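Only one structure is covered here, and it is reproduced in the block below.
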Amino acid sequence: MKSIARMLLLAALLPLAMGMQGAIRSPKSEVARNLDIFNSLVKELQMNYVDTIDVEKAINTAIRSMLNELDPYTEYMPLKEQEDFKSMTTGEYGGIGSYIRYTPKGTIIAGPEAGSPAEKAGLRTGDLIIRIDTTDVKGWSDSRVRSLLQGVPGTALKVTVDRPYAGPDSIKTFDLVRAKIQMPSVPYYGRLTNHPGIGYLSVTSFTDKTAQEVKEALEALKGGDELQGLILDLRGNGGGLLDAAVALVGYFVPKGTEVVRTRGRGVMDEKVYKTTVSPILPDTPLAVLVDGGTASSSEITSGALQDLDRAVILGSRSFGKGLVQSTRQLPYDGLLKLTIAKYYIPSGRLVQAIDYSRRNADGSVQRTPDSLTTVFHTAGGREVRDGGGITPDSLVEYPEVSRLTFNVVRDDWAFNYATRYAATHPSIAPAEEFVITDSIYNDFKASIDPEKFQYDKVCETMLGQLREAARLEGYMSDSVSAEFDRLGAMLKHSLDRDLDTHRADIEPYLAREIVGRYYNNRGEIINSLPGDPGVTKAAAVLLDREGYRRILSPKQ
């Protein structure tokens, strides 16, 4: 089958190369010859191969193999795979308006959106989906369940769930009507409770609705008392539409400012993007939060604001995606998303971290080392570098997550406790006031079964290895063995003690899960802001006007 895919790969490459603008075209005779070979090969396989061949699957495999050799962002999508892509670019889909996710028990409701059909019908986070209409979906993956939940807005469906902690009446059936779901790009904006002069704006994606959502948020934040500064949170924002990024930057810089330019293969394939509107907040001090999940359009936004000396960038280095994709319609409703250009932000730098055209001998790729990056300069003369994402002006140190905390979250101990808590508590304090009390934390500890809790017993494992090495090397005397026993007793796990030791690390995750049951994603964000190291540091930078100006000034 590998040889089949290889031949199909060649055939798939030829028509693609013919259709690319500016590509070097093969002679017509060469194209015709290879297409003739391909057609003959498929005929022979269909007529004479010993087993039946799924030609569509083979061609799709060949196409994907070819595109994987280019970059991870160039993709072929048959019609049945295009719905998720359209949802990403528009933020819209037809469905019930709830996150779902797979667990060892099956697919569960993981968070109904506020005002969605799922929330209105009464579905709750933690509900195990067991039937959709007449189809039994117990044990199904989340992708298979999603395919049944999504559909044409206005169509009806029944969802049957098994509700945890509901006693003998745990099986419940809900009647829903699918709606056009608009996923917000701005899940929350507001003033910080501990610093009312500082605004906060979270942007999680760049769709065709983002510019309007951000505009409305900025107009609202601008009203009332003086806005001393704004925190724009782009952490975890994987990007989206380039035009949306340009529009967002335009709310902070003068009309007509260049934000980005894209360059394709040909000399005529350069396009310059400038802001087209008057700014909403032209002078308000601005801090932008980024991290390793900040990519693409998010990097255009943060990078342009950095290059224009319009904002202080805080956090950790961004992802490093400087490639632009566009879509092309293919026969039989196929869709090709392909990389057509690279983008360059105002200083002239390219933030792409990996050059996919230069692969290692084994086909692997790696990030451009810092030693090979080039120095560029912002509008005010500050040094910035290309080739590895956006490097923050000020790094934010986040506490290291312990293995115990990781296991609490990974194995759903916090998630399951929050589900139980919500089943027995009709209401909680407002999101900004809710805290994990001693009573709640002790109850959470009691909910964890020590026999089922999965420890990563690193110390115990390493001590055992050291003990065995000492035995093999001949050092295992009675006194040495006694010392090993004593050290082993000191390093022995106590779940109760460890949960107390790591309480400060676990509490934010537990609080987020509980608050989310009552106030959705918006409430989770509100509750997390006071203890967020990035937000705390960004607010401090904005409130220190002299320090803010110093960061944006060239080093002498």
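The values are calculated or read from the model by the stated rules, or taken from the named source; none is laboratory data. Just so it is clear, the structure is predicted and the values come from calculations on it, not from any experiment. As a convention, Cβ positions derive from the backbone with ideal geometry for all residues, glycine included, and neighbour counts pool all protein chains shown. Surface accessibility is based on the protein's heavy atoms, side chains included, excluding ligands, DNA and RNA. Shrake-Rupley method; radii C 1.70, N 1.55, O 1.52, S 1.80 Å.
Say we look at the stretch 398-407 and pick out the residues that are in contact (Cβ under 8 Å) with a residue 24 or more places away in the chain, of a type outside the set (Phe, Trp, Tyr) and part of a loop (DSSP other than H, G, I, E, B); which of these is farthest from LYS321 (Cα to Cα)?
Filtering first and then ranking leaves SER402.
Which residues, taken from the stretch 239-282, are closer than 28 Å to THR536 by Cα and either open to solvent by 50 Å² or more (accessible area, probe 1.4 Å) or touching a Lys or Arg at 6+ places or on another chain (Cβ under 6 Å) (or both)? Steps first, answer last, please.
Filtering the stretch 239-282 for residues closer than 28 Å to THR536 by Cα gives 239-240, 244-253, 279-282.
Listed by number, the residues that qualify are PHE252, VAL253, PRO282.
Report the residue count in the stretch 104-136 for those that are among the polar types (S, T, N, Q), open to solvent by 30 Å² or more (accessible area, probe 1.4 Å) and touching a strand residue (DSSP E or B) at 6+ places or on another chain (Cβ under 9 Å). Give the derivation first.
Looking only at the stretch 104-136, we keep the residues that are among the polar types (S, T, N, Q), and these are 107, 116, 125, 134-135.
Then keep just the ones that are open to solvent by 30 Å² or more (accessible area, probe 1.4 Å); that gives 134-135.
Now drop any that are not touching a strand residue (DSSP E or B) at 6+ places or on another chain (Cβ under 9 Å), which leaves 134.
Looking only at that region, the number is 1.
Suppose we filter the stretch 145-175 for residues that are within 23 Å of TYR93 (Cβ to Cβ) and either of a type in the set (Val, Ile, Thr) or touching a residue at least 24 places away in the same chain (Cβ under 8 Å) (or both); how many remain?
Qualifying residue count, the stretch 145-175: 16.
Of the residues VAL42, VAL50, which single one is modelled with pLDDT of 50 or more and surrounded by 11 or more Cβ atoms within 10 Å (Cβ to Cβ)?
Every option except VAL42 fails the conditions.
Out of GLY348, GLY388, GLY380, which single residue is out of contact with any helix residue (DSSP H, G or I) (no Cβ under 8 Å at 6 or more places or on another chain), part of a loop (DSSP other than H, G, I, E, B), farther than 29 Å from ILE63 by Cβ and touching a residue at least 40 places away in the same chain (Cβ under 8 Å)?
Working: GLY348 fails: touching a residue at least 40 places away in the same chain (Cβ under 8 Å); GLY388 fails: out of contact with any helix residue (DSSP H, G or I) (no Cβ under 8 Å at 6 or more places or on another chain).
After applying the criteria, what remains is GLY380.
Tell me, please, whether a residue that is in a strand (DSSP E or B), over 23 Å from MET77 (Cα atoms) and of a type in the set (A, V, I, L, M) can be found in the stretch 262-272. Show your work before the answer.
First, pick out the residues of the stretch 262-272 that are in a strand (DSSP E or B): 262-263, 270-272.
The next check asks that each one be over 23 Å from MET77 (Cα atoms); those that pass are 262-263, 270-272.
Applying the additional criterion that residues be of a type in the set (A, V, I, L, M) yields 272.
Yes: one or more hits.
Restricted to the stretch 428-449, and to residues that are hydrophobic (A, V, I, L, M, F, W, C), in contact (Cβ under 8 Å) with a residue 60 or more places away in the chain and in contact with a helix residue (DSSP H, G or I) (Cβ under 6 Å, 6 or more places away or on another chain), which residue is nearest to ASN521 (Cα to Cα)?
ALA431
Please go through (1) touching a helix residue (DSSP H, G or I) at 6+ places or on another chain (Cβ under 8 Å); (2) of a type in the set (Val, Ile, Thr); (3) open to solvent by 60 Å² or more (accessible area, probe 1.4 Å) for VAL152 and return the number of the only condition it doesn't satisfy.
Condition (1) is where VAL152 drops out.
Against the conditions (1) out of contact with any Lys or Arg (no Cβ under 7 Å at 6 or more places or on another chain); (2) over 17 Å from VAL214 (Cβ atoms), where does LEU305 fall short? Just the number, please.
In the conditions (1) out of contact with any Lys or Arg (no Cβ under 7 Å at 6 or more places or on another chain); (2) over 17 Å from VAL214 (Cβ atoms), LEU305 misses (2) alone.
Considering every residue within the stretch 296-313, establish whether at least one is of a type outside the set (A, V, I, L, M) and open to solvent by 40 Å² or more (accessible area, probe 1.4 Å). Give the steps one after another, and end with the answer.
Taking the stretch 296-313 as the starting set, the residues that turn out to be of a type outside the set (A, V, I, L, M) are 296-299, 301-303, 306-307, 309-310.
Cutting the leftovers down to open to solvent by 40 Å² or more (accessible area, probe 1.4 Å) gives us none.
Looking through the stretch 296-313, none of the residues is of a type outside the set (A, V, I, L, M) and open to solvent by 40 Å² or more (accessible area, probe 1.4 Å).
What single numbered condition from (1) closer than 22 Å to VAL267 by Cβ; (2) outside any strand (DSSP E or B); (3) at pLDDT 90 or above fails to hold for PHE319?
(1)
Within the stretch 408-420, is even one residue in contact with a Pro (Cβ under 6 Å, 6 or more places away or on another chain), crowded, with 18+ Cβ neighbours inside 10 Å, more than 25 Å from THR301 (Cα to Cα) and not charged (D, E, K, R)? Break it down stepwise before answering.
Within the stretch 408-420, the subset in contact with a Pro (Cβ under 6 Å, 6 or more places away or on another chain) is 419.
Cutting the leftovers down to crowded, with 18+ Cβ neighbours inside 10 Å gives us 419.
From the residues that got through so far, the ones that are more than 25 Å from THR301 (Cα to Cα) too are 419.
Narrowing further to those that are not charged (D, E, K, R): 419.
For the stretch 408-420, residues in contact with a Pro (Cβ under 6 Å, 6 or more places away or on another chain), crowded, with 18+ Cβ neighbours inside 10 Å, more than 25 Å from THR301 (Cα to Cα) and not charged (D, E, K, R): present.
Quickly run through the stretch 187-232 and pick out the residues that are within 22 Å of GLY315 (Cβ to Cβ), of a type in the set (Val, Ile, Thr) and open to solvent by less than 30 Å² (accessible area, probe 1.4 Å).
ILE198, VAL203, THR210, VAL214, ILE231
Please pick out the residue among ARG517, ARG503 that is buried (at least 20 other Cβ atoms within 10 Å of the Cβ), farther than 15 Å from THR193 by Cβ and not acidic (Asp, Glu).
Numbers: ARG503 fails: buried (at least 20 other Cβ atoms within 10 Å of the Cβ).
So the residue among ARG517, ARG503 that is buried (at least 20 other Cβ atoms within 10 Å of the Cβ), farther than 15 Å from THR193 by Cβ and not acidic (Asp, Glu) is ARG517.
For the condition in contact (Cβ under 8 Å) with a residue 40 or more places away in the chain and either within 20 Å of THR207 (Cβ to Cβ) or assigned to a strand (DSSP E or B) (or both), what is the one hit in THR301, THR327, THR276?
THR301
Give all pairs with beta carbons closer than 6 Å in which a residue from the stretch 356-371 that is in contact (Cβ under 8 Å) with a residue 60 or more places away in the chain meets a residue that is in a loop (DSSP other than H, G, I, E, B) and of a type in the set (D, E, K, R); count only pairs at least 6 apart in sequence or on separate chains.
Between residues of the stretch 356-371 that are in contact (Cβ under 8 Å) with a residue 60 or more places away in the chain and residues that are in a loop (DSSP other than H, G, I, E, B) and of a type in the set (D, E, K, R), the close pairs are TYR356/ASP71.
Scan the stretch 12-35 for residues that are within 19 Å of PRO331 (Cβ to Cβ) and modelled with pLDDT of 70 or more and jot them down.
Answer for the stretch 12-35, where residues must be within 19 Å of PRO331 (Cβ to Cβ) and modelled with pLDDT of 70 or more: VAL31, ALA32, ASN34, LEU35.
What is the number of the single condition among (1) surrounded by 14 or more Cβ atoms within 10 Å (Cβ to Cβ); (2) touching a residue at least 40 places away in the same chain (Cβ under 8 Å) that LEU395 does not meet?
Going through (1) surrounded by 14 or more Cβ atoms within 10 Å (Cβ to Cβ); (2) touching a residue at least 40 places away in the same chain (Cβ under 8 Å) one by one, LEU395 breaks only (1).
Just to verify a result, which residue in the stretch 155-186, among those that are closer than 30 Å to PRO426 by Cβ, open to solvent by 50 Å² or more (accessible area, probe 1.4 Å) and basic (Lys, Arg), is farthest from the chain's Cα centre (by Cα)?
LYS172
I need the full set of residues from the stretch 408-427 which are touching a residue at least 60 places away in the same chain (Cβ under 8 Å), on the phi < 0 side of the Ramachandran plot and assigned to a loop (DSSP other than H, G, I, E, B), in order please.
SER427
For TYR343, all conditions in the list (1) within 12 Å of ASP386 (Cα to Cα); (2) without any contact (Cβ under 8 Å) to a residue 40 or more places away in the chain; (3) in a strand (DSSP E or B) hold save one; what is the number of the exception?
Single failed check for TYR343: (2).
Yes/no per residue for (1) open to solvent by less than 50 Å² (accessible area, probe 1.4 Å); (2) assigned to a helix (DSSP H, G or I):
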{"residue": "PHE444", "(1), (2)": "yes, yes"}
{"residue": "GLY464", "(1), (2)": "yes, yes"}
{"residue": "ASP485", "(1), (2)": "no, yes"}
{"residue": "PRO508", "(1), (2)": "no, yes"}
{"residue": "ALA511", "(1), (2)": "yes, yes"}
{"residue": "ARG550", "(1), (2)": "no, yes"}
{"residue": "LYS555", "(1), (2)": "no, no"}
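Can you tell me which of ALA341, ALA361 is of a type in the set (A, V, I, L, M) and within 27 Å of GLU258 (Cβ to Cβ)?
Exactly one residue qualifies, and that residue is ALA341.
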